[in-house]
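Q: Please find one structure pasted underneath; my questions will follow.
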Amino acid sequence: QVQLVESGGGLVQAGGSLRLSCTASGLTFSNAAMGWFRQAPGTEREFVVSIYWSGGRLVSADSADSVKGRFTMSRDNAKNTVYLQMNSLKPEDTAVYYCAAGAFIREARAYEYWGQGTQVTVSS
């Protein structure tokens with residue numbers, strides 16, 4: 001059974017940084033496609049970044065235009081954990097952030113596994 005557990009959300013001022021973590025269990029980490037999505041109140045779940053690796057090597061990475069140059073996804077194999085480093089945060093980045101696994105594309109419905117979400121609030 002695959003489980004994803006996020007952590008690292010919180011309150012930060014505009015221009016600040018946060019790093020979210022997502023620890024996976026029950027997943028073959030060396031061959032995995034994972035992503036981060038976010039959802040603000042009253043909106044649909046929105047793609048943020050995704051990363052795909054096979055045989056332990058990065059195959060491809062993708063990020064939404066709204067976060068390019070500010071957000072970076074990385075991983076630590078030893079800890080079965082992926083990270084979302086968020087820099088230069090803006091109030092419009094405020095949302096619940098979700099870790100997902102099982103796909104690489106930008107469509108949320110393609111992902112099979114989801115974490116519980118972690119709240120990120122950016123004050124102006």
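The values are calculated or read from the model by the stated rules, or taken from the named source; none is laboratory data. Everything numeric in this text was worked out from a predicted model, so none of it was measured. Every residue, glycine as well, gets a Cβ built from its backbone with ideal geometry; the counts of neighbours run over all protein chains shown. With ligands, DNA and RNA removed, areas are computed over all heavy atoms of the protein, side chains included. Shrake-Rupley method; radii C 1.70, N 1.55, O 1.52, S 1.80 Å.
Q: Take the Cβ-Cβ distance between Asn31 and Arg106 as r, set R0 to 25 Å, and report the resulting FRET efficiency rounded to the nearest 0.05.
A: Efficiency at R0 = 25 Å is approximately 0.75.
Q: Amide H of Glu46 versus every other amide H placed in the peptide plane: which residues, excluding those fewer than 5 positions away on the same chain, fall under 5 Å?
A: Answer set, sorted by chain and number: Arg38, Gln39.
Q: Apply the Karplus curve 6.51 cos²θ - 1.76 cosθ + 1.60, θ = phi - 60°, to the phi angles in region 80-90 and return the couplings in whole Hz, x for Gly and Pro.
A: Here the 3J(HN,Hα) series is 6, 10, 10, 10, 10, 8, 10, 10, 6, 5, 10 Hz.
Q: At 7 Å along the Cα-to-beta-carbon direction for both Ser123 and Ser17, put a label point, then send me their distance in nm to one decimal.
A: Using points 7 Å along Cα→Cβ, the separation is 2.1 nm.
Q: To continue, here is another question. For region 7-72 and region 78-115, write down the distance between their C-alpha centroids in whole Å.
A: Each part reduced to its Cα centre gives a spacing of 3 Å.
Q: At a probe size of 1.4 Å, how large is the accessible area of Ile105, to the nearest 10 Å²?
A: Per-residue accessible area (Ile105): approximately 90 Å².
Q: To continue, here is another question. Accessible area per residue of the chain at 1.4 Å probe, in Å²?
A: 51 Å²
Q: Moving on. Just to be sure I understand the model, the point goes 7 Å from the Cα along the line to the Cβ. What's the resulting Ser60 to Asn87 distance in nm?
A: So the label points at Ser60 and Asn87 sit 2.6 nm apart.
Q: Separate question: Could you order Arg75, Arg19, Arg70 by accessible surface area, starting with the largest, using a probe radius of 1.4 Å?
A: Most to least solvent-accessible, the answer reads Arg19, Arg75, Arg70.
Q: For Glu112, Glu46, give me the order by solvent-accessible area with a 1.4 Å probe, most accessible first, ignoring ligands, DNA and RNA.
A: Glu112, Glu46
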